[in-house]
Amino acid sequence: MASGRVYVKGNRPHLAALDGSLLKAPPMPATLPPEAKADWQTAAADLAGRGLLPSAVLPVLEAYVGALWMARKCREAIATHGVLVKARGDQWKPNPAASMLAKSNDVIARLSDDLGISPVGRSRSGIKGQASAHEKNADPFVEFDI
């Protein structure tokens, strides 16, 4: 594990609709930047539509959306300044945004799986047949079961 990543072995628990789940997406927390609002609304509406958004999951969702925002900012910094940046003494060093991007991507992958947002997370048997209400409305082929 030279990369420092931690992978959990074994089967993940089955996700099923939870009692007390929020019925609609709550407002985005003030701790997230305004640019993250679309990601918050998309993910929260998806989870609420599948009955997987109790209030206890909101901090996890906040961390997920924050990591998405951070990854975008890191990509912008890398696009602007390059993969290598000059340090003291005109020496080149890796752009610090590159390591922040790697860490953000790890968080995104783990939390999207835990929340059942990623394709891997959705493939778990407890989630396979679930589709949120807004997903069904958005999918023109839902009636064909494909």
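The numbers here are math on the coordinates, done by the rules we state, and not lab data. If you're wondering where the values come from, they're calculated on a predicted model, not measured in any experiment.
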Practice prompt. Collect residues whose amide H, placed 1.01 Å from N in the peptide plane, falls under 5 Å from the amide H of Ser118; neighbours closer than 5 in sequence don't count.
Written response: Asp113
Fill in: Residues whose placed amide H lies under 5 Å from that of Leu84, excluding near-sequence neighbours
Asn95
Worksheet item: Relative contact order for the stretch 34-131: what is it in percent, counting Cα pairs under 8 Å that are at least 6 residues apart?
Response: 27
Worksheet entry | Cα-Cα pairs of the stretch 34-131 separated by more than 19 Å (percent) | 50
